[in-house]
1. When a/c is below 1.5 the answer is rounded, else prolate if a/b is larger than b/c, else oblate, so apply that to the range 261-343 with a ≥ b ≥ c taken from the square roots of the Cα gyration tensor eigenvalues.
2. Express the relative contact order of the chain as a whole percentage, based on alpha carbon pairs under 8 Å and six or more residues apart in sequence.
3. Report, in degrees rounded to the nearest 10, the 0 to 90 angle that the Cα long axis of helix 265-277 makes with the longest principal axis of the chain.
4. Show me 15-28, 271-284 ranked by packing, highest mean number of other Cβ atoms within 10 Å first.
5. Relative to the longest principal Cα axis of the chain, at what angle does helix 233-257 sit, 0 to 90 degrees, rounded to 10?
6. Round to a whole angstrom and tell me the spacing of the C-alpha centers of the range 161-177 and the range 70-105.
7. How much net charge surrounds residue 65 when only the other residues with a Cβ under 12 Å from the Cβ of residue 65 are counted, with Lys and Arg +1 and Asp and Glu -1?
8. Given a cut-off of 31 Å, name the pairs among 211/248; 211/308; 96/308 whose C-alpha atoms lie farther apart than that in the structure shown.
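Readers should treat all values here as calculations from the given coordinates under stated rules, not as data from a laboratory. Computed from a predicted structure; not experimentally measured. We place every Cβ from the backbone using ideal geometry, glycine too, and count neighbours over all the protein chains shown.
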Amino acid sequence: MESKKQTTFPFTSIVGQNTMKLALILNVIDPKIGGVIIMGDRGTGKSTTVRALSDLLPEMEVVSGDPFNSDWKNPELMSDYVKKLKQQGLKLKISKKKIPMIDLPLGATEDRVCGTIDIEKALTEGVKAFEPGLLAQANRGILYVDEVNLLDDHLVDILLDAAASGWNTVEREGISIRHPSRFVLVGSGNPEEGELRPQLLDRFGMHAYIKTIKNPNLRVKVVEQRANFEAQSKVFLKKQLLQQSLLKKRILKAQVFLPTTNLDHNLKVKISQICADLEVDGLRGDIVTNRAARAFAAFEARENVTVKDIYQIINLCLYHRLRKDPLESISFGDKIYKLFNKVFS
């Protein structure tokens, strides 16, 4: 059998859909952007693109043997067990592993997502026997939910709680286990199959709407790329190795560059003016747009954010935060760009 790496379609080979790819890359550069929701027609490569991102993810330092991907430097990303070891002054064994991308299937149970406590072992042996779930595996990584708009409401509530607090708590028969669960939430779906709850939609930092490619030449290119990959995946991957490597290096460079990237105060004021004029609820729109603009500038290896940088990302950050008005004749995208041109003119 071929390995997962060999069967993952390369990110750089995906034709078109540049807004979706940009949103994913910016969230890798700065996970604090808050994830991305990708909605669009069936068969437009949403899940293929998300899963292809896994090959571009950098490595991170973890405490060896810890199932929660604990960060030995940051208490907020550290399990209670690792904290106890540090308090005792014991030396931690550190290793490197790739940032995880965890799939959350629609049929997953609460125990599979949150983890389970072995009550019998806890009562008879007096120890907290905990079997970690998907939220533990996703700590410091990416949690991907395909068809997120069809996800059970109960699981949506669990994701919202974990996303808001950064912790997952499991309680059974008076026994409680808590572990860090900070992840970049990525979801995809077809809007024709159902709408997302507003509470969940607001948790996503960015929104990318994907349409079916209409250009016949591009459609043929997509078909040929897929056929070549399925016929000779190893040969196909080898040809894309250089492009994949260059993009990965560019992302790593942007992560290093990000802390020194500057967003001028006047630009921040104009971003907030746009959010206020669009009547965006709360301040998440302002915060995400600021972060995304800095991440985009870092991706372009620039120290200062420009107006063009903001233009590139503002629709991704605000589209899903606008209130729906059935009497509105202008599209959300056009409304955002029209106001952008007015404020930044």
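1. Details: a/c = 2.14, a/b = 1.94, b/c = 1.10.
Because a/c hits 1.5 or more and a/b exceeds b/c, the range 261-343 counts as prolate.
2. Working: 546 pairs, mean separation 74.0, N = 345.
Relative contact order of the chain: 21 percent.
3. That works out to roughly 80 degrees.
4. Values: 15-28: 20.9, 271-284: 15.6.
Ranking, from highest mean packing down: 15-28, 271-284.
5. 90
6. After rounding, the separation between the Cα centres reads 18 Å.
7. Details: positive: 93, 97; negative: 66.
With Lys, Arg at +1 and Asp, Glu at -1, the net is +1.
8. Details: 211/248 26 Å; 211/308 24 Å; 96/308 37 Å.
Violating the 31 Å Cα-Cα cut-off are 96/308.
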